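Step one of this worksheet: look at the structure below.
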Amino acid sequence: MTLHIGILAHSAEGATLCYRACWLEGVRRMGPHDHPEITLTGVAMHQTLPAWEAGDLATLRALFMADTAKLAAAGCDFFVVPDNTAHIALEAPGDPFPIPCLHIGEVVADRAAADGRRKVAILGTEWTMTGPVYPGAFGRRGIDWAVPDKADRATVHRIIFDELCLGEFGEESRARYVAIIEKLAAQGCDAVALVCTEIPLLISAEDSPLPILDSTRLLAKAAVAVALGDRPLPDWRGGPI
C-alpha cells in the first residue's frame with residue numbers, strides 16, 4: 001500500500017510540473033500507468049500576492065493552513081509545497097499543519113550534501129534569495145551559499161513573475177539567467193539551486209554553466225520515495241526548523 005501525496009499549489013507552473021514529475025517517477029518506480037495517489041489544490045497565487053508584498057506571514061500561513069485542511073480531508077498522508085518562497089511562511093511560528101510536510105529546502109540541501117557541494121548559488125524570487133529558508137537548510141549541513149547581486153536579483157525576480165509564472169519561457173531570459181549563473185560560478189559556486197519551481201522549465205542541466213539542483217523534480221522524487229516507504233514519513237508540521 002502506498003501513501004497518498006498532497007500537493008499544495010501556490011505558483012501554478014511549479015505545481016503542475018511537480019504533479020507531472022510525481023506521476024512520471026511513479027511510473028518509473030512502479031510500472032506503466034501506475035503511481036501513488038496524488039491530490040492537488042488549486043487556489044490562485046493572486047490571492048496571496050498582497051500578503052507577500054506586505055510581508056504578512058501570518059495571513060499567508062492561514063491561507064496555507066486552509067489548503068492543507070483540504071488535503072487532509074481528501075485523505076492525504078503528507079503534503080508538499082512546490083513553491084520555495086512559500087516555505088518562508090511555512091517556517092513561521094504558528095499552529096501545526098494537520099498533516100506533515102516534506103520540506104523542499106531540506107530535500108534540496110540533502111541532495112547538495114550527498115553530491116559533496118561546498119558552495120551553492122541560490123536562484124529564485126527576491127524573497128527566496130534574501131530569505132532564511134536556504135541559508136538555514138544549507139547552513140545546517142555546513143554548505144556555503146551565494147546569491148546574485150541586487151541588480152541581477154531584480155532581473156531574476158522580474159522574469160519569474162512577469163514570464164515564468166505566466167507560462168512564458170523565452171530565449172532572451174534564458175540567456176540572462178545563464179549569464180547570472182556564470183557570475184556565480186566565478187564567485188566559487190560549484191552548483192546552482194533552481195529554487196523557484198518554474199526555473200527548471202527555463203534552465204536545464206544542458207543550459208546551465210553549473211550543475212543544477214532542480215528543486216521541483218527533487219521534491220517530486222522525494223515525495224514518491226516517501227509514498228513507497230523508501231524515505232521516512234516527514235514529521236515537520238510547519239514552524240521553525
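For this structure, a couple of remarks:
- Meets criteria (under 17 Å from G131 (Cβ atoms) and of a type outside the set (K, R)) for G55: yes
- If the condition is being of a type in the set (V, I, T), over 21 Å from V133 (Cβ atoms) and touching an Asp or Glu at 6+ places or on another chain (Cβ under 9 Å), then the stretch 15-42 contributes only V27.
- Scan of the stretch 42-93 for residues that are touching a Lys or Arg at 6+ places or on another chain (Cβ under 8 Å) and either crowded, with 21+ Cβ neighbours inside 10 Å or at pLDDT below 95 (or both), ordered by number: A89, L90
- Within the stretch 137-151, being in a helix (DSSP H, G or I) and of a type in the set (A, V, I, L, M, F, W, C) holds for A137, F138, A151.
- Among the residues listed as A15, A72, the single one being out of contact with any helix residue (DSSP H, G or I) (no Cβ under 6 Å at 6 or more places or on another chain), within 18 Å of L3 (Cα to Cα), of a type in the set (G, A, S) and in a helix (DSSP H, G or I): A72
- Any hit, the stretch 78-85, residues being among the charged types (D, E, K, R), within 18 Å of the chain's Cα centre (by Cα) and closer than 29 Å to D190 by Cα: yes
- Members of the stretch 97-109 found to be in contact (Cβ under 8 Å) with a residue 60 or more places away in the chain and either within 18 Å of V156 (Cβ to Cβ) or assigned to a helix (DSSP H, G or I) (or both), listed by number: I104, G105, E106, V107, V108
- For the stretch 53-64, the set of residues classified as part of a helix (DSSP H, G or I) and either over 13 Å from H10 (Cβ atoms) or touching a strand residue (DSSP E or B) at 6+ places or on another chain (Cβ under 7 Å) (or both) consists of E53, A54, L57, A58, T59, A62, listed by residue number.
- A154, sole failed condition from (1) part of a loop (DSSP other than H, G, I, E, B); (2) surrounded by fewer than 16 Cβ atoms within 10 Å (Cβ to Cβ): (1)
The values are calculated or read from the model by the stated rules, or taken from the named source; none is laboratory data. These numbers come from a predicted model, not from an experiment. Counting neighbours? That spans all protein chains shown, and the Cβs are built from the backbone with ideal geometry, glycine included.
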